[in-house]
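Since the structure comes first, as structure tokens, the remarks are kept for the end.
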Amino acid sequence: MTGTRVDLRKTTPRVTVVIPMRNEALNLPYVAERMPYVDEIVVVDGASVDDTVTVARRLWPDAVIVQQTRTGKGNALACGFAAATGDIIVMIDADGSTDPAEIPAFVRALTEGADLAKGSRFSLGGHSDDITALRRLGNKGLNGLVNRIFHTGFADLCYGYNAFWRRHLPIIDLPSTDTTEAQWGDGFEVETIINVRMARAGLTITEVGSHESRRIHGRSNLNAVSDGLRVLRTIDRERRSRRAGQRGAHSESDAAEPSDVAADTVVAETGGAETGAPEADVVEADTTPAAVAR
């Protein structure tokens, strides 16, 4: 990494970086080299059989290291979020594909008014060296589906580089980490859950251009087909949850206007455009070098 590492400890909100990892010992030195100085690093180990934990302790002696309670990226992130104490939580990967040097741009988007800073490989100068044609096509389809159903403007739904205010954890509402039984949300669908629930809550989402690199060592656990289907099922679950919420709101509304309730129900059940949810404010962050340096 060229130049001086940015020191985010001098800023007033406190920043926690959550890093889920499994057998990433060879990749961690690169991640540490690119990491700005932050208030807290939470390492979540997924039963690594290499020296991941030992290397993490050497690179970040003050890091909080926890073991995830189940399997999957979603559970690892939930465990990390539970351990985080910072005002801002940044979630990155341990394989070198997400660049920690971009963290200041995500933090700046939050301090300038965003509730969620959403990494994007497909806008604002972002790009990917890793995504395959099949994954790009799948992401485009899932992205368009979410934008249509939830009235959002995401450019990149499934990218896992995000940052948000810790106070919004109740809105994200990931499965409890206490049980050892597998839960929906434990897998790669977790990014979709976070993005959609933030959007459904009407929070401000700012996209930040990001460069995704190829993982340095090892093989990815992502399966384009099975994980894509999990994301599709997640979208449907969130859609049905939203629809149930709308119906609940209608049932509590003034009984003198039953025709409005009936109209909304017919639209939802016939596949028409759904109405009534707050539109998420998705804006684009200024990620030019001069802006990031501010």
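The modelled label-to-label distance between Arg237 and Arg14, using points 7 Å beyond Cα along the C-beta direction, is 3.2 nm.
Would you please classify the overall shape of the stretch 84-168 from the alpha carbon gyration tensor, given that a ≥ b ≥ c denote the square roots of the eigenvalues, rounded means a/c under 1.5, and beyond that prolate means a/b larger than b/c while oblate covers the rest? Don't skip to the end; give the middle numbers.
Working: a/c = 2.08, a/b = 1.34, b/c = 1.55.
It comes out oblate by the Cα gyration axes.
For the stretch 77-122, the solvent-accessible area works out to 19 Å² per residue, with a probe of 1.4 Å and every protein chain left in place. Here the accessible area of the stretch 107-207 is 52 percent carbon and sulfur, with a 1.4 angstrom probe and all protein chains present.
Rounded, prolate or oblate: which fits the stretch 1-104 when a ≥ b ≥ c are the square roots of the eigenvalues of the alpha-carbon gyration tensor, with rounded for a/c under 1.5 and prolate only if a/b beats b/c?
Oblate, because a/c is 1.5 or more while a/b does not exceed b/c.
The stretch 192-213 and the stretch 107-168 have Cα centres lying 5 Å from one another.
Placing a label point 7 Å from the Cα of Leu169 along the Cα-to-Cβ line, the residues of the stretch 22-51 whose backbone N sits under 17 Å from it are 39-45.
Relative protection proxy for 231-239, 20-28, from highest mean packing down: 20-28, 231-239 (other beta-carbon atoms within 10 angstrom).
Grab the other residues whose beta carbon is less than 12 angstrom from that of Ile193, score K and R as +1, D and E as -1, and report the net.
Details: positive: Lys73, Arg197, Arg200, Arg230, Arg233, Arg237; negative: Asp173, Asp186, Glu189, Glu191, Glu238.
Result for the local shell: +1.
A simple spin-label model places pseudo-atoms 7 Å from Cα toward Cβ; at Glu112 and Ile216 they are separated by 3.0 nm. Please say if the stretch 44-191 is rounded, prolate or oblate, where rounded means a/c under 1.5 for a ≥ b ≥ c the square roots of the C-alpha gyration tensor eigenvalues, and otherwise the choice is prolate for a/b larger than b/c and oblate otherwise? Cα axes put the stretch 44-191 in the rounded bin.
The values are calculated or read from the model by the stated rules, or taken from the named source; none is laboratory data. Source: prediction; values computed, not measured. Counting neighbours? That spans all protein chains shown, and the Cβs are built from the backbone with ideal geometry, glycine included. To get the accessible areas, we keep the full protein, side chains included, count just its heavy atoms, and leave off ligands, DNA and RNA. Shrake-Rupley method; radii C 1.70, N 1.55, O 1.52, S 1.80 Å.
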